[in-house]
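Following: one structure in C-alpha cells, then a few remarks.
The values are calculated or read from the model by the stated rules, or taken from the named source; none is laboratory data. Bear in mind the structure is a predicted one, so any value in this text is a computation, not a measurement. Cβ placement follows ideal geometry from the backbone for every residue including glycine, while neighbour counts extend to all protein chains displayed.
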Amino acid sequence: MNALTFVLAGMLAAAMPFLLAALGELLAERSGVMNLGIEGMMAVGAVIAFLSVHHFGTHTLGFLLAGLAGAALSLVFAWLALTLRANQVAAGLAIGILGQGLSALFGKSYESRTVAGLPKLSIPSLSEIPVVGGLFSQDAVVWLGLLATLTIWAALRFTKLGLVIRAVGENPSAARSLGYPVIAIRYSCVMFGGLMAGFAGAYAATVYTPLWADGMIAGRGWIALALVVFATWMTGRVFFGAVLFGAVSLAQLAAQAGGVNLNSQLLASLPYIVTILVLGVISSNRRLLKVNGVASLGKTYIP
Amino acid sequence: MPAPLLSLRGLTKTYGTVRANRGIDLDVAEGSIHAILGENGAGKSTLMKLIYGVETPDAGEVIWRGHHVALSSPAEARRQGIGMVFQHFSLFETLTVVENISLIVPGSKAELTARIRTLGQEYGLEVEPRAHVHALSVGERQRVEIIRCLMTDPKLLILDEPTSVLPPQSVQRLFQTLTRLRDRGVSILFISHKLEEIRSICDRATILRDGQVTGNIDPREHDAHDLARMMIGRDMPETRPAVAREPGELRLELAGLDHQPDDPFAQSLSGINLQLRAGEILGIAGVSGNGQGELSRLISGETTDPAASDQIRMMGQPVGHLNAAARRKLGFAFVPEERLGRGAVPEMSLADNTLLTAHRQGLVRRGMINRLREAAFTARCIADYDVRTPGPQAEAGALSGGNLQKFIVGREIMLAPRLLFVSQPTWGVDIGAASAIRRRLVDLRNDGVAVLIISEEIEELFEICDRIQVIREGRLSAALQVSQTRVEDIGRYMIGAEERAGV
C-alpha cells in the first residue's frame, strides 16, 4: 500500500470529526451566533459515546446520546447568550471549559480502555479500483457525513429555511420586522451545532480512535471553528478544508513512516500550515466575503 | 361619508423623556393618498411605526376597517393589509433581490422573478431580480422595497419619504403608480416634507409639529408657504441669492479619469472630466447608482489609484495616489453620504468625532489630546450650526439625522477648507436645517472656497450651484450653466435622452 492509496483511503475518516463539528458551527454562525464552546461539546459527546458503546455495545445509541449531550450543553450556551444576552465569546469559552471538565470527570475510570470501531461499507466494484478504490470503502458515519454536507449545502442555498437563517444572521432587526422569530431560530441553529459537535466527538472517540484518553479531542473543535471562518461560511469550502486537513495529516504520517528526512515537528505542523495557506488564499476575495460574511455574527441581539 | 379605512384616536408614545407622539388623531379614507407632513423629529416616523406595529402605543386606540385592533407586530400589520416602505431600508444586503422578496412573499424563485420584472415594468420600478442588494444603489434599494410591499397586496401602503432618492421623471412615474394604486382601492400614507409634491398628489394632509397634529387640510387649497408655516411654526427662511463673482484658480481637476472598481457589481467610470475653481459651486446630478459612489471615493481618497495619479489634481497637485489624510492636508474637506459609520462614528461622542478630522486645528499637541480645546471646538460647532443636542459629550449615534448632518457639515466647514466636497448635503434633513446647510455652502462659495456637491435633488442643485454636470452610467456630461438650463434639461441627461447632444 503506497502513500497515495493510504491517504485517499483514510482522508474522509480523518476529516470527519472536523467536518461534522464545522458543519454544525457553520449553521450556528450563519444565524449570527458564534459558539466557541465546540471543543467542550465535542469532548462531552466523545465521553458519552465511549461510555455507551463500552456498556451497551451499540454505536447507534452511542451517537444518539452523544448528539443529545452536545445539544444539551449548547442549550445552556444558548440560554446564556441569547436569553440572558451574555457576551457570546465569554459564554462560549465558559461552556467549552465546562464541557472539557465534564468529559474528564466521566471518563476518568475508562482511561486507556478500547471499544470496537465500525465496519467499512464498500461500494461494490468502485472500491476495487486500484489506488482510488479506498475512497469508496468507508464506515457508515462517513457516508452519512457526506450526505449531511450535501443536505446542508442545499438547504442553505435553495430552501426558504436556509434563506431565513441567512437573513437572521445578517440583520436580526429586519428579520424580526418581517415577522421571523429571531431568537427561536438562533436557538435551533445553536442546538443543531451542539448536536453535530456531539456526533463529531462520538466519531473521534468510538470510530476513528476507539480508545479513551483524557483530552482526546485535542483542539479539533478549535480547528473546526477556524475552518468555518476560513471557508468564508460556505459549505463546500468547509468540506474541502476538512478533507484537505485530513489528507495532509495522513500524508505527513505516511511521510514519517516512509522515512522522509524531515524534522517530525515540522511534518506534524504541515496540516495546519497547508490548510491555513490554502483557505487563506481562497478566502482573500473581498467580494465573496461581502456576500457570505455574517454581518451580525457574535453581536448580542436585543429585540 | 363612508367609514374611514384607518382611524387613530389619541395615540401617544413616549421614549424616556421625549414625548414623540401626543394624542394623535388621524382618519385615512378608503382610496385616498394622505400626506403626513412634518419636519424631522416632529414624530412622523414614530407614528408610522405605531401603525405598522413596530412599536406599541402607550395610550390611544387604532380602528382598522371599523374594528378596534392591536397592531402588536409588523407581521400582524401585514396580515391586516398594511404595508410599509421604510426610509432606512430593511433589506438584507447579502441576499439577492428575489431572495429578499421571497422572505415575505410565497412562491418559487422563478415565479417571483417574473412578477418582479412585470411589476417593475408596470410601475417603472426596474431592478435586476438576481442582483445582490449590497451592490444596488440607494434608489434601486427603494425600488426593491416598494416592489416587495406591492407584492403583498396591501390595503394601506405607508411610504416614508419615498421621493427623496428619485429623479424627477421617476417621481412622476411613482406618482402615476400611486394614483393607479389609489384607483384600485389602495390607500396610501405618504410621509414627506416636500411641499410641492404633497400639493400635486395628495388628497388630504395631516401636519405634525413636536409630536402633535397642527393641521388637517386639503393640500390643494393651500400654497406651499401656508404648509411650511404649519409645519415649522414660522415663515420659511429664504436662501440668500449668490453673489456673482469671477471664478478663481483651479482647485479640483479630473482629466480623462477612468476607473474599474474591485467590486464587480459597482459602476465603472470612464472619461470623467471636471474642473472646479475657487468661488464656485459645481453640482453633480444623476440617478443614484450611476457611479456617484465610486466617483466620491476617488475624489475623497478612500479609493486611491496610483496609475491615475495625474488624472486627479487638487490645488494644482496630482493626488490620485494620495490617501484621504494626505488630501485633507492640502486643504480638502469631505462630507460623505452616509452620516453614521463614514461621516461620524456612532458610538463616539461628538467631541471625539470632532477630533477625527479637526485634529490639525490645534486639538492635539505632541500626540496628546487637548480636551479643553476639543470641547471648545465642538461647542462652537454645536452653537454655530444649531445642532440640537445635550452637549459635546452626546453620542453621535443618538442625534437625529438632520442634526448629525448639521454637525458634520459644520465640522468640515470649520476646518477652513480650500476645497469642500459634500455628498448628498441634505438627504433626510428637514427643511429648516436643509436651508441652513445650503446657506452655509453659498456663504462658503462667496468666501472663495471651491465647493463640489453630489445630490439627487435637482431643485437643491438649481438653488445653489453655478454649474451642473450630470452623471450617467459612469460618464459625466459637459458642464451646464445653471442660469441657462432648465430642470427638464437636466432630467433628460439623467435618463440618457441627451446622451449624444451633450458630449
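Quick one: B:Glu55 ticks every box in (1) within 25 Å of B:Gly10 (Cβ to Cβ); (2) within 9 Å of chain A (Cβ to nearest Cβ); (3) in a loop (DSSP other than H, G, I, E, B) except a single one, so which number is it?
Exception for B:Glu55: condition (2).
Any idea which of (1) outside any helix (DSSP H, G or I); (2) surrounded by fewer than 17 Cβ atoms within 10 Å (Cβ to Cβ) is the one A:Gln138 doesn't satisfy?
So A:Gln138 meets the others, but not (2).
Being hydroxyl-bearing (Ser, Thr, Tyr), assigned to a strand (DSSP E or B) and away from every other protein chain (no Cβ under 14 Å) is the requirement here; does B:Ser296 meet it?
Criteria not met by B:Ser296.
How about segment A:201-303: which helices (runs of 4 or more DSSP H) wholly inside it have at least 2 residues that are surrounded by fewer than 14 Cβ atoms within 10 Å (Cβ to Cβ)?
Those helices (runs of 4 or more DSSP H) span A:235-257, A:264-282, A:286-292.
Right, A:Ser188: surrounded by fewer than 23 Cβ atoms within 10 Å (Cβ to Cβ), within 14 Å of chain B (Cβ to nearest Cβ) and polar (S, T, N, Q) or not?
no
Mind checking which residues of segment B:2-35 are more than 17 Å from B:Gly402 (Cβ to Cβ) and either among the β-branched types (Val, Ile, Thr) or within 24 Å of the chain's Cα centre (by Cα) (or both)?
B:Thr12, B:Thr14, B:Thr17, B:Asn21, B:Ile24, B:Val28, B:Ile33, B:His34, B:Ala35
Hey, B:Asn290 hits all of (1) surrounded by fewer than 23 Cβ atoms within 10 Å (Cβ to Cβ); (2) away from chain A (no Cβ under 14 Å); (3) part of a loop (DSSP other than H, G, I, E, B) but one; which does it fall short on?
So the condition that B:Asn290 fails would be (1).
Go through (1) surrounded by fewer than 22 Cβ atoms within 10 Å (Cβ to Cβ); (2) in contact (Cβ under 8 Å) with a residue 12 or more places away in the chain for B:Ile312 and report which single condition fails.
Here B:Ile312 meets the rest and fails (1).
Out of B:Thr378, B:Thr354, I need the residue that is modelled with pLDDT of 90 or more and touching an Asp or Glu at 6+ places or on another chain (Cβ under 7 Å). Which one?
B:Thr354
Limited to segment B:280-324, what total is found for residues that are within 16 Å of B:Ile471 (Cβ to Cβ) and of a type in the set (Lys, Arg)?
Within segment B:280-324, residues that are within 16 Å of B:Ile471 (Cβ to Cβ) and of a type in the set (Lys, Arg) number 1.
Out of segment A:145-180, which residues are surrounded by 15 or more Cβ atoms within 10 Å (Cβ to Cβ), over 16 Å from B:Thr94 (Cα atoms) and more than 10 Å from chain B (Cβ to nearest Cβ)?
A:Gly145, A:Leu146, A:Ala148, A:Thr149, A:Ile152, A:Trp153, A:Ala155
Among (1) within 13 Å of chain A (Cβ to nearest Cβ); (2) part of a loop (DSSP other than H, G, I, E, B); (3) closer than 25 Å to B:Ile495 by Cβ, where does B:Arg141 come up short?
(2)
Which of the residues that make up segment B:93-108 are at the interface with chain A (Cβ under 7 Å from one of its Cβ atoms) and either outside any loop (DSSP other than H, G, I, E, B) or farther than 14 Å from B:Ile147 by Cα (or both)?
B:Glu93, B:Thr94, B:Leu95, B:Glu99, B:Ser102
All but one of (1) within 24 Å of the chain's Cα centre (by Cα); (2) modelled with pLDDT under 90 hold for B:His359; which doesn't?
Status for B:His359: all satisfied but (1).
Name every residue in segment B:255-270 that is outside any loop (DSSP other than H, G, I, E, B), of a type in the set (Gly, Ala, Ser) and surrounded by 14 or more Cβ atoms within 10 Å (Cβ to Cβ), in order of residue number.
Correct list: B:Ala255, B:Ser270.
Quick one: is B:Thr152 in contact with a His (Cβ under 8 Å, 6 or more places away or on another chain), within 14 Å of chain A (Cβ to nearest Cβ), among the hydroxyl-bearing types (Ser, Thr, Tyr) and outside any helix (DSSP H, G or I)?
No.
Which residues, counting only those in segment B:477-492, are surrounded by fewer than 16 Cβ atoms within 10 Å (Cβ to Cβ), of a type outside the set (Asp, Glu) and in a helix (DSSP H, G or I)?
B:Ser483, B:Gln484, B:Val487
Yes or no: B:Leu47 buried (at least 22 other Cβ atoms within 10 Å of the Cβ), away from chain A (no Cβ under 14 Å) and at pLDDT 85 or above?
yes
Do you know which of the residues in segment B:445-481 that are of a type in the set (Lys, Arg) and at pLDDT 90 or above is nearest to B:Ile299 (Cα to Cα)?
Here the residue is B:Arg475.
When you look at A:Leu156, is it among the aliphatic types (A, V, I, L, M), at pLDDT below 95 and not in a loop (DSSP other than H, G, I, E, B), yes or no?
For A:Leu156, the condition - among the aliphatic types (A, V, I, L, M), at pLDDT below 95 and not in a loop (DSSP other than H, G, I, E, B) - is met.
Of all residues in segment A:195-218, which are small (Gly, Ala, Ser) and free of Cβ contacts under 8 Å to residues at least 12 places away in the same chain?
Passing the criteria: only A:Ala218.
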